[in-house]
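A short worksheet on the structure shown next.
Derivation of every value follows stated rules applied to the coordinates shown; laboratory data play no part. Nothing here was measured: the structure is a model prediction, and the numbers come from that model. So basically every Cβ, Gly included, is an ideal-geometry build from the backbone, and we count neighbours across all protein chains shown.
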Amino acid sequence: MDVSFEPTVAERTRSVVAAAASLTMTTDTDSQALAGRHSLDRAGEVVLHLPADCETAETITCSGDTSVPTVLEFTDVAPTAVRSRVRARLTLAGALSARPDRGCECVVGVLAPELITLDTLDSVLVVHPGAFAAAETDPLAAYEADLLVHLADAHADLVEGLTRLIPSATLEQAARVLPSAMDRYGITLRLERAQGHTDVRLPFPSRLDDASAAGEYVRAMATGTPLCPHRLQAP
């Protein structure tokens, strides 16, 4: 049985990079908003599709061995309409160099992170580049936004069912409850009060390795219905 209840810091960092809707690239002489123009390769390097006419693209392509000190800033935002939607800010720093790609009209740059910090708003955590490269991206990362918005908009009954798993003292004076995060290990509910809020994490009965099963996991928790035995088998 898998006994993990939440992602490691390195796993969370990978997932922020994979799914972030906000990305800013900054060098000493250039700044570009590159949301939706990035990806992660198997080695844990960040691949950027740069506008061909931007200064950084011109710099890294002027010579085959040119690299540029670069900082990438990602913002992790809750997809549902909760207060204080920013969940974390991630900074990756390293040298950006060109990667040949004849099939792309843009300039492809690659950054191997040398310094990684994750600001969770409660603390700032440093992630070792080796741990970042070795970590898995959460299988729900690319689907989390759609899953949470659908749950909040179409299944208020399931959200209410999930609140029954929360101690009554914690729920006291909560004016609104919304799902604010989900990963392979569990779901987080935001309990909003007149003054402030509380986040409550509810672990899944087992680690989820297939995003298509997320709805089944949530429904089982909300209704108290056991999952099919094969869903509970640890990998």
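Once a ≥ b ≥ c are taken as the square roots of the eigenvalues of the Cα gyration tensor of region 1-58, is the result rounded (a/c under 1.5), prolate (a/b larger than b/c) or oblate (a/b not larger than b/c)?
On the way: a/c = 3.23, a/b = 2.79, b/c = 1.16.
Cα axes put region 1-58 in the prolate bin.
At a Förster distance of 25 Å, what's the computed FRET efficiency of residue 58 paired with residue 143, Cβ-Cβ distance as r, to 0.05?
According to the calculation, E is roughly 0.10.
Would you kindly calculate the translational diffusion coefficient of region 86-141, applying Stokes-Einstein with the Kirkwood radius from alpha carbon pairs, for 20 °C and a viscosity of 1.002 mPa s, and quote it in µm² s⁻¹ without decimals?
Reported coefficient: 159 µm²/s.
Once you wrap a convex hull around the alpha carbon atoms of region 9-134, what is its projected area averaged over all directions, in nm²?
With every direction weighted equally, the projected area is 8.2 nm².
Given only helices, namely DSSP H runs of n ≥ 4 each adding -39500 (n - 2.57), what is the per-residue ellipticity at 222 nm of the chain, to the nearest 500 deg cm²/dmol?
-6500 deg cm²/dmol
Between residue 122 and residue 42, what length comes free when the chain is fully extended (0.36 nm per residue of separation minus the Cα-Cα distance, one decimal in nm)?
On the way: separation 80, 0.36 × 80 = 28.80 nm, distance 3.00 nm.
Result: 25.8 nm gained on full extension.
Please report, to one decimal in angstroms, the Kirkwood hydrodynamic radius of the chain built from all distinct Cα-Cα pairs.
Final number for the Kirkwood radius of the chain is 19.4 Å.
Please state the shape class of region 185-226: rounded when a/c is under 1.5, otherwise prolate if a/b exceeds b/c and oblate if not, all from the C-alpha gyration tensor. Provide the component values of the computation, followed by the final result.
Details: a/c = 2.97, a/b = 2.16, b/c = 1.37.
In terms of gyration-tensor shape, prolate.
Kirkwood Rh over Cα pairs of region 134-235 into Stokes-Einstein at 4 °C, 1.567 mPa s: D in µm²/s?
Rounded to a whole number, D works out at 91 µm²/s.
Could you pull out every residue, at least 5 positions away or on a different chain, whose amide H is within less than 5 Å of the one on residue 186? Hs are placed 1.01 Å off N in the peptide plane, and Pro or chain starts have none.
204
Label region 116-175 by shape, choosing from rounded, prolate and oblate, from the square roots a ≥ b ≥ c of the eigenvalues of the Cα gyration tensor; if a/c is under 1.5 it is rounded, and otherwise prolate applies when a/b is larger than b/c, oblate when it is not. All intermediate terms of the calculation are to be shown ahead of the outcome.
On the way: a/c = 3.14, a/b = 1.70, b/c = 1.85.
Oblate, because a/c is 1.5 or more while a/b does not exceed b/c.
Obtain the nm distance between the two label points defined at residue 18 and residue 73 by a simple spin-label model: each point lies 7 Å from its Cα along the Cα-to-C-beta direction.
Result for the modelled spin labels: 2.6 nm.
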